[in-house]
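Below is one structure, written out as structure tokens, with a few remarks after it.
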Amino acid sequence: MEELRFPIYLDNHSTTRVDPRVFEAMVPYFVENYGNAASKHHEFGWHAEAGVETARKQIANLIHAESDELVFTSGATESINLAIKGIAESYRSRGNHIITVATEHKAVLDTCKRLEKYGFEVTVLPVDGEGVVAVDDLEKAITGKTILVSIMMANNEIGTVAPIQELGRVCRERGVPFHTDATQAVGKIAVDVKSMNIDLMSFSAHKMYGPKGVGGLFVRNASPKLKVAAQLDGGGHERGMRSGTLNVPAIVGFGVAAKIAEAEMAEEGNRISQLRDRLESIILAQVEDASVNGSATRLPNNSNITFKQAEADKVMMSMKDIAVSSGSACSSAEPKPSHVLRAIGLSDLDAKCSIRFGLGRFTLEQEIDYAAERVKEAVSSVREKRMRYAS
Ligand SMILES: *Cc1c(COP(=O)(O)O)cnc(C)c1O
């Protein structure tokens with residue numbers, strides 16, 4: 001039995017630990033093969049470029065794309081900005097309408113908001129109580145002026161997996177470019193850009209046991225060719241779509257992370273979803289008024305639970321040896337209830353009483369048992385205090 005190390009990390013939707021195999025593969029690209037991948041006239045450059053191209057293949061294989069359909073960026077936020085703003089700029093003469101969904105990551109919602117300032121019109125589709133968008137709603141929302149649909153593959157708070165293949169088919173039939181934020185999905189569940197009818201897809205290395213600061217944007221190459229206007233101008237790297245010297249060590253790590261995911265994803269998903277189910281069954285059996293949010297069709301590593309009358313920030317403060325997250329993006333002093341939990345119909349209070357557990361590759365069964373026990377204690381202590389103040 002492995003010894004438990006504290007705090008226990010159950011926040012793998014925020015970021016993941018770099019897999020030691022990934023780290024090992026990156027090291028030589030800092031200290032030996034430190035060339036610029038764009039240097040064409042010496043060996044340092046050639047080695048760096050070879051490292052990048054190997055990674056490009058490894059990542060393309062994982063998502064069933066071609067190597068030359070991949071643009072390296074600094075992360076999913078940049079990929080999303082490039083996809084949405086780049087398409088908006090290129091297709092402005094065709095129309096000004098963009099469709100997205102209420103439960104998207106802020107990187108998508110805020111990018112769309114920015115475009116509204118420049119005269120674009122954005123339709124935000126609702127979701128049902130499980131966080132699923134209706135294919136029918138998308139079909140009805142598309143107009144002659146729609147130039148982009150952006151719908152996430154898997155939600156980062158409740159794990160709900162969208163019917164991407166059908167959504168993509170609707171877009172393809174109507175000739176509208178389809179972008180998906182697959183940051184939580186790539187490396188966790190099977191992703192096939194071809195069979196899923198995806199035109200553009202954003203994802204990030206640090207959500208799949210790779211390093212921070214590197215991401216990918218898949219841009220479909222088949223005709224009619226998509227035009228994505230660069231948002232960073234400069235040396236014309238990445239086929240003109242994203243200038244700037246490539247982060248070679250990080251890209252090499254991203255590639256190895258993709259290779260590992262491809263080989264181990266199916267088995268790992270099974271193992272992790274069993275641990276997740278174990279966590280939920282212990283909590284639901286032992287904690288009153290606890291309910292699981294989301295859909296049966298969700299990420300294997302996700303569990304989002306509402307503990308009525310127990311504010312998540314207080315619960316988390318009373319179990320500091322467990323690293324989890326509340327549904328809300330607690331960036332401001334006054335934590336707003338999660339827009340995702342509000343979109344699936346939770347009240348403000350219930351949304352603030354919800355905790356996200358994000359399991360991962362390195363999660364152990366003993367950690368789950370320990371965490372479940374701590375959650376049980378923390379929730380009852382918060383509820384007791386609440387009762388005392390109320391009386
Ligand atoms: C983490 C995340 C992002 C942002 O990714 P970065 O690489 O950190 O910029 C975007 N979308 C989703 C769904 C995410 O989980």
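The values are calculated or read from the model by the stated rules, or taken from the named source; none is laboratory data. The shown structure was predicted, so the numbers you read here are calculated from the model rather than taken from an experiment. When we count neighbours, we look across all protein chains shown, and the Cβ atoms used for this are built from the backbone with ideal geometry, even at glycine.
Computed values, structure above
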read-out	value
Filtered residues of the range 67-101 (kept if among the charged types (D, E, K, R) and buried (at least 17 other Cβ atoms within 10 Å of the Cβ))	69, 78, 85
Selection count where residues are touching a strand residue (DSSP E or B) at 6+ places or on another chain (Cβ under 6 Å) and closer than 18 Å to residue 11 by Cα, scope the range 183-202	4
Scope the range 53-104; condition in contact with a helix residue (DSSP H, G or I) (Cβ under 6 Å, 6 or more places away or on another chain), within 16 Å of the ligand (Cβ to nearest atom) and of a type in the set (Gly, Ala, Ser); matching residues	102
Complete set of residues in the range 10-60 that are among the basic types (Lys, Arg) and within 30 Å of the chain's Cα centre (by Cα)	17, 21, 56, 57
Condition broken by residue 110, with the remaining ones in (1) within 16 Å of the ligand (Cβ to nearest atom); (2) buried (at least 18 other Cβ atoms within 10 Å of the Cβ); (3) within 29 Å of residue 141 (Cβ to Cβ); (4) not basic (Lys, Arg) satisfied	(2)
The range 10-30 - residue that is hydroxyl-bearing (Ser, Thr, Tyr) and within 16 Å of the ligand (Cβ to nearest atom) and, of those, farthest from residue 77 (Cα to Cα)	16
Some residue of the range 262-276 being in contact with a strand residue (DSSP E or B) (Cβ under 9 Å, 6 or more places away or on another chain), crowded, with 22+ Cβ neighbours inside 10 Å and not assigned by TED's automatic domain parsing to the domain that holds residue 67	yes
Residue 300 more than 30 Å from residue 127 (Cβ to Cβ) and either outside the structural domain of residue 79 (by TED's automatic domain parsing) or not aromatic (Phe, Trp, Tyr) (or both)	no
All strands (runs of 3 or more DSSP E) inside the range 120-223 with 2 or more residues being touching a residue at least 24 places away in the same chain (Cβ under 8 Å) and within 11 Å of the ligand (Cβ to nearest atom)	178-181, 200-204, 215-219
Any helices (runs of 4 or more DSSP H) falling wholly within the range 1-84 and containing at least 2 residues that are among the β-branched types (Val, Ile, Thr) and not assigned by TED's automatic domain parsing to the domain that holds residue 150	none
Evaluation of residue 275 against (1) over 19 Å from residue 164 (Cα atoms); (2) of a type outside the set (D, E, K, R); (3) touching a Leu at 6+ places or on another chain (Cβ under 7 Å); (4) within 16 Å of the ligand (Cβ to nearest atom) (one fails), failing number	(4)
Residue match in the range 250-258 (condition: in contact with a Gly (Cβ under 7 Å, 6 or more places away or on another chain) and more than 25 Å from residue 105 (Cβ to Cβ))	yes
Options 349, 299; residue that is touching a Gly at 6+ places or on another chain (Cβ under 6 Å) and aliphatic (A, V, I, L, M)	299
Residue among 121, 130, 116, 104 that alone is surrounded by 20 or more Cβ atoms within 10 Å (Cβ to Cβ) and of a type in the set (D, E, K, R)	104
